[in-house]
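This report concerns only the one structure given below.
Derivation of every value follows stated rules applied to the coordinates shown; laboratory data play no part. It should be emphasised that the depicted structure is a prediction, and the values quoted were computed from it without experimental measurement. Glycine gets a Cβ as well: all are built from the backbone with ideal geometry, and neighbour counts include every protein chain shown.
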Amino acid sequence: MNDLAVMTSGLTKHYRGDVLAVDHVDLRVARGEIYAFLGLNGAGKSTTIRMLLGMIRPTAGHAELFGQRVQAGTTELWRRVGHLVESATAYPELTVRENLEVARRLAGISERAVVGRWVERLALEPYADRRAGTLSLGNLQRLALARALLHEPDLLVLDEPANGLDPAGVIEIRELIRNLAHERGVTVFTSSHILAEVDRFATRIGIVHQGRLIEELDSEALEAHRDRRLEVGARDLAAAEDTLRAAGLAPTRRASDGDSARLELREPSALERPDDIARLLVAAGGPPIHLAVARESLEDHFIRLTGGAATEAG
Amino acid sequence: MNGLRAAIATEFLKSRRSRVSWGVAVGFTAAPLVMGLFMVILKDPEGARALGLLGAKAQLTAGTADWPTFLNLMGQATTVGGAILFAFLAAWVFGREFADRTVRGLLANPTPRRTIVVAKATVVGIWGVAISAWVLALGLAVGALVGLPGWSPSDATATIASIGLASVLTIGLQVWAMFFAGVGRGYIAPLAWAVAMIVTSQVLSVLGWGSWFPWSVPAILAGAGGTEVEPVTVGAIAAVVVVAIIGLVATFTWWEQADQTT
């Protein structure tokens, strides 16, 4: 049995006008993984997602979901796939319940109660009989998620699932996605621009830049790749620097953010025993006023990898 | 088959909730009422002037107040008016999915795209036929209420059959509005197409080539060209059917083959 939920081979999309949106992307997403697909605006994320869903025809290469080749005419495959592509949409003149009823019928689900269940699960009861056109962005996003989940898919393809949600909603959706993956073994393929959010739930991350997949790592590998440092603050930074150098360490000065100039140590001994560094500085008569082990955030890692042109992935 | 039934049910739900579907029905309902008013004025111009229905210097050139004139006007209203109002209906049913970006929910879906297109076309067709039948029935009631002379059961039956056939052909030609709603990803392209076809039909009809142009055929069939125009042949009707089938195939092909970036 094929254990991959998503597989692409040389997936490429060339648009007219010599625009290479996606360039030979090879993806392998195992069943049960939560795969985060990151990239700057225009990096090729949405085009890749649309090719996975048969909405865009690849110029070269192909995509498979659960071992089945994706084509525009594929229909049975979509019983196993739920999706939310780019912004959430709904029929504005229909109520929340009616929108889900339309989705239920088109998904071929005979059980009517499923609509009520997802209305309840995504906290949409107060809005169930309200027209979708009057919903807030956050509730519209919940409705779109409910529609994607209605047929209990084995694979969820989500584009910016936390878009428009308030902080509580973001946590709620994160927990929902995590539970679906852990309890039901649902594979999640998601793009997001909230990198800190992705960092919390993704089991694997793929970074796409200018149409190419430039890095793919699981959460352990990401952890290992991350730059770790011991940040040291002192009233007399020059004296602290001398003390540390005298102890055989190689402190570097971090660019000052206003008045918070600090020293950074990357030696494993310092990272493992920051208390020794504190003792050293106290003994030298210049005790630290700040001492913290910091690790590179996914955002920093992402910016380092993509050349730092942007502060957010899109 | 279940998929088609479900898709048709969802399309009807959307249509029932839409202002456009009801707006088209109301717009069409105005036709027999206005024609009836014309007949009242034609029957008694002086009385109409006295009531303020007709300006002091205005002349109505619609003809005489009788059933043949009234049914001829009804035929023009349902075909020329239908060409634009049914295009609104088709543009909405298909184009709204792109304008509202709801098409994404219809694409990677267990219900095949072809079934979605058939369901949408079915809803446009059923709405179109229902509205045409309602307008014709209302027209007959208005004509009877006005007390028009010249009713001949055989002539009226033939004219009503022609109007019915013309309405069906007008609705059938809306597959091209459906096609352009996809290609143009919204409402503008199908409506522009409908206007272009109406103008071209009028120009070709004036030049005497109307029966050769499929988009002119329904109006000529319904009597819009008067007696000077060549009668519509079976071949011309077949040409309309062929053009409609080509449009349907083009619509299927577009939905299944085109990149969906909306």
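The modelled label-to-label distance for the pair residue B:202/residue B:126, using points 7 Å beyond Cα in the direction of Cβ, is 3.5 nm. Given region A:161-314, report the % of alpha carbon pairs whose separation exceeds 18 Å. More than 18 Å apart: 66 percent of the Cα pairs in region A:161-314. A Stokes-Einstein calculation at 10 °C with viscosity 1.306 mPa s, built on the Kirkwood radius of region B:121-194 over Cα pairs, returns a diffusion coefficient of 111 µm²/s.
Given +1 at the Cβ of Lys and Arg, -1 at the Cβ of Asp and Glu and no other charges, the dipole of region B:74-219 around its Cα centre is 600 debye to the nearest 20.
Taken over region A:64-171, the percentage of Cα pairs per 5 Å bin, counting from 0 up to the bin with the maximum distance, is 2, 12, 23, 24, 20, 11, 6, 2, 0.
The distance from the alpha carbon centre of region A:149-188 to that of region A:84-104 is 17 Å, rounded to a whole number.
Each stretch of four or more DSSP H residues adds -39500 (n - 2.57); spread over every residue of chain A, this sum gives -10000 deg cm²/dmol at 222 nm.
Ordering B:245, B:141, B:48 by Cα displacement along the dipole of chain B toward the positive end leaves B:245 in first place; charges were set at the Cβ atoms of Lys, Arg (+1) and Asp, Glu (-1). Of A:88, A:293, A:198, whose Cα points farthest to the positive end of the dipole of the protein assembly as shown (charges on the beta-carbon: +1 Lys, Arg; -1 Asp, Glu; origin at the Cα centre)? Positive-end residue among those listed: A:88. Taking 20 Å as the straight-line reach from the Cα of residue B:14, the aspartates and glutamates in range (excluding those fewer than 8 positions away in the same chain) are A:93, A:98, A:101, A:129, B:97, B:100. Magnitude of the charge dipole for the protein assembly as shown, about its Cα centre and with charges confined to Cβ atoms of Lys, Arg (+1) and Asp, Glu (-1), is about 1180 debye. For the protein assembly as shown, the alpha carbon convex hull comes to 225 Å³ per residue, rounded to a whole number. Global size of region B:133-262: 17.5, 59 Å for Rg and Dmax (C-alpha atoms, Rg to one decimal, Dmax whole). Between the beta carbons of residue B:239 and residue B:50, assuming R0 = 56 Å, the FRET efficiency works out to 0.65 to the nearest 0.05. Projected label points at residue A:59 and residue A:217, each 7 Å from Cα along the beta carbon direction, are separated by 3.1 nanometres. Name the helices (complete DSSP H segments) of chain B with a Cα length along the long axis of 24 Å or more and a Kyte-Doolittle mean of at least 0.0, or state none. For chain B, where a helix must reach 24 Å along its axis and average at least 0.0, the hits are B:19-43, B:113-146, B:153-172, B:188-206, B:234-257. Only Lys, Arg, Asp and Glu carry charge here, each on its Cβ (+1 for the first two, -1 for the last two); on that basis region A:121-170 has a dipole of about 220 debye about its Cα centre. On full extension, the segment bounded by residue A:225 and residue A:250 gains 6.9 nm, given 0.36 nm per residue less the C-alpha separation.
As a rough footprinting exposure proxy, the listed residues A:306, B:29, A:203, A:47 were ranked by other beta carbons within 10 Å of their own, and the order from fewest upward is B:29, A:203, A:306, A:47.
Inter-chain Cβ neighbour count for A:85-92, averaged per residue, equals 5 (cutoff 10 Å, partner chain atoms only). Between the residues A:73, A:140, A:247, the greatest Cα displacement towards the positive end of the dipole of chain A, with unit charges on the Cβ of Lys, Arg, Asp and Glu, is found for A:73. Computed as a quarter of the hull surface, the mean projected area of the alpha carbon convex hull for region B:78-159 stands at 7.4 nm².
Local charge for residue A:31 was computed over the other residues whose Cβ lies under 12 Å away, with Lys and Arg +1 and Asp and Glu -1, and equals 0. Residue B:4 sits among other residues whose Cβ lies under 15 Å from its own Cβ, and their net charge, with Lys and Arg +1 and Asp and Glu -1, is +4. Within chain A, the selection of entire DSSP H helices by a Cα span of 20 Å or greater along the long axis and an average Kyte-Doolittle value of at least -1.0 returns A:167-184. Relative to one another, the C-alpha centroids of region B:155-178 and region A:264-282 are positioned 88 Å apart. All C-alpha to C-alpha distances of chain A, sorted into 10 Å bins beginning at zero, yield P(r) values of 6, 23, 26, 20, 13, 9, 4, 0 percent in whole numbers.
Under 13 Å from the Cα of residue B:43, which aspartates and glutamates turn up, not counting those fewer than eight places away in the same chain? Counting by Cα, and skipping residues close in sequence, residue B:43 has these aspartates and glutamates nearby: B:66. Listed by chain and number, the aspartates and glutamates placed with their C-alpha closer than 15 angstrom to that of residue A:13 are A:23, A:26, B:259; residues fewer than eight positions away on the same chain are left out.
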